[in-house]
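Inspection log for the structure reproduced underneath, given as structure tokens.
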Amino acid sequence: MEKVVLAYSGGLDTTYCTVYLSKIKGLEVHAVTIQTGGFSEDELKNIEARAYKLGVASFKVIDVTKAYYDSCIKYLVFGNVLKNAVYPLSVSAERMIQAIAVAEYARTLSADYVAHGSTGAGNDQVRFDMVFQNMIPGIKIITPIRDMRLSRDAEIAFLKEHGVEMNFEKAQYSINKGLWGTSVGGKETLTSKDYLPESAWPTQISQTEPRELELLFEKGELKEVDGKTFPHTVAAIQYLQSIAQPYGIGREIHVGDTIIGIKGRVGFEAAAPIIIIKAHHLLEKHTLTKWQLYWKDQLSTWYGNWLHEGMMLDPTMRNIEKFMEDTQQTVSGKVFVTLLPHRFILNGIESEHDLMNNKFGSYGEMNNSWTGDDVKGFAKIFGNQVGIYHAVNGGKVGW
């Protein structure tokens, strides 16, 4: 039998793919689940049990959580990347890491085919396909959901016909959980006006009392939460998520432009990513110069968009990562945060690299570095070209 490696999560789409590839296409299915920090050990065991029950020839979990942070998330934090000022690229970033891991696994198995459960109306199909085409060009790609234009109802009907038992009611919502947030898609996100019901959110709101937090960053990376240290920043993110998500922080519906040219909506909950990015950005505003901040904004926006569109393997991304890493040399210190239901407050920072230093002056009150005459001369020279422009044009241009 010919071998196919299937990117398998155990959800509706990949369950359909498993049955279709084995029973209809007659292929030897080797399921692989890529752990990016979203599955517990019990969940992974259940996924494995379901895969074997569906008839796969083999099942494997590849844990890339630390590699996911080191090669991707770290730079999303350095760049304060929020697409459309809202979305922390929870799924966009994760898909690239998953696709790379699946491609490497397919190569080790000398597979004839590689398959994924992407639909034909979203971004994931492009992300997976581009990685597979670049990394394993000799292996053919199979995408049953996309190629047959299947609806979720059609998938459910097919699985019921083949005696597959699963929670089909839950399957009405597509939930993807990873280290950098959880996405939620359903009938409401297919509209332009409906909001997700409370029951659709994976984490219910259970905390209402305010809570003060201290986040310690070292060279742009989160190292401590309330004095608690961690062996790797992955653990710090997971700990912060466990504290903050029960407040309902970081819940949003992102409206964005897809790679294929249509607009789409997706719900997400990402308390830790949103808090980390906002806290990191505040620390940067105190510790970087205005031109460091300016050029970081320009490159980070481009970096986030290019990653979102599946271009993680573009060498330009490595160039920008080196720039962003270099900017983080002084981004160290504490950020003080208050957690509240549905929101949080950034109270301030402490850092030995804080450029808001009163020995140079206090904004709006006094300065200690120059005289009034110095400022008069500076203003005259700084505005000189604008003055020449208006003098030459007789003050009749513009205002």
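Observations on the structure shown:
- Note on the stretch 139-151: residues that are open to solvent by 10 Å² or more (accessible area, probe 1.4 Å) and either part of a loop (DSSP other than H, G, I, E, B) or more than 21 Å from ILE259 (Cα to Cα) (or both) amount to 6.
- Within the stretch 239-248, the presence of at least one residue that is open to solvent by less than 30 Å² (accessible area, probe 1.4 Å), under 21 Å from GLU43 (Cβ atoms) and out of contact with any strand residue (DSSP E or B) (no Cβ under 9 Å at 6 or more places or on another chain) is confirmed.
- Of the residues ILE276, ILE259, the single one that is assigned to a loop (DSSP other than H, G, I, E, B) and either open to solvent by 10 Å² or more (accessible area, probe 1.4 Å) or at pLDDT 95 or above (or both) is ILE259.
- Taken over the stretch 123-138, the criterion of being surrounded by 19 or more Cβ atoms within 10 Å (Cβ to Cβ) and closer than 23 Å to THR182 by Cα is satisfied by ASN123, ASP124, GLN125, ARG127, PHE128, VAL131.
- A single member of TYR68, TYR16 is farther than 14 Å from ALA115 by Cα, touching a residue at least 40 places away in the same chain (Cβ under 8 Å) and of a type in the set (Ser, Thr, Tyr), and it is TYR68.
- Total residues in the stretch 245-293, condition among the basic types (Lys, Arg) and without any contact (Cβ under 8 Å) to a residue 24 or more places away in the chain: 3
- Residue within the stretch 167-179 that is open to solvent by less than 50 Å² (accessible area, probe 1.4 Å) and more than 27 Å from the chain's Cα centre (by Cα) present: yes
Okay, residues lined up against (1) at pLDDT below 90; (2) touching a helix residue (DSSP H, G or I) at 6+ places or on another chain (Cβ under 8 Å); (3) surrounded by 10 or more Cβ atoms within 10 Å (Cβ to Cβ):
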| residue | (1), (2), (3) |
| --- | --- |
| GLU352 | no, no, no |
| GLY364 | yes, no, no |
| THR371 | yes, no, no |
| ASN384 | no, no, yes |
| GLY387 | yes, no, yes |
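- Residue count for the stretch 102-117 satisfying the condition of being without any contact (Cβ under 8 Å) to a residue 60 or more places away in the chain and open to solvent by less than 20 Å² (accessible area, probe 1.4 Å): 1.
- Enumeration of residues in the stretch 329-360 that are out of contact with any Ser or Thr (no Cβ under 6 Å at 6 or more places or on another chain), free of Cβ contacts under 8 Å to residues at least 24 places away in the same chain and either farther than 23 Å from ALA244 by Cα or of a type in the set (A, V, I, L, M, F, W, C) (or both): GLU352, ASN357, ASN358, LYS359
- Filtering the stretch 218-234 to residues that are in contact (Cβ under 8 Å) with a residue 12 or more places away in the chain, among the hydrophobic types (A, V, I, L, M, F, W, C) and farther than 17 Å from GLU325 by Cβ leaves VAL225, VAL234.
- Residues that are at pLDDT 95 or above, within 30 Å of GLU212 (Cα to Cα), hydrophobic (A, V, I, L, M, F, W, C) and open to solvent by less than 60 Å² (accessible area, probe 1.4 Å) occur in the stretch 293-306; there is at least one.
- Sole residue being touching a Lys or Arg at 6+ places or on another chain (Cβ under 8 Å) and more than 30 Å from ASN319 (Cα to Cα), chosen from GLY26, GLY55, GLY38, GLY11: GLY55
- Out of GLY264, GLY310, one residue alone is modelled with pLDDT under 95, surrounded by fewer than 17 Cβ atoms within 10 Å (Cβ to Cβ) and of a type in the set (Gly, Ala, Ser). It is GLY264.
- Residue check, GLU325 at pLDDT below 95 and surrounded by fewer than 21 Cβ atoms within 10 Å (Cβ to Cβ): no
The values are calculated or read from the model by the stated rules, or taken from the named source; none is laboratory data. Please read all numbers here as calculations on a predicted model, not as lab measurements. For neighbour counting, all protein chains shown are included, and Cβ atoms are generated from backbone atoms with ideal geometry for every residue, glycine included. Side chains included, ligands, DNA and RNA excluded: accessible areas come from the protein's heavy atoms. Shrake-Rupley method; radii C 1.70, N 1.55, O 1.52, S 1.80 Å.
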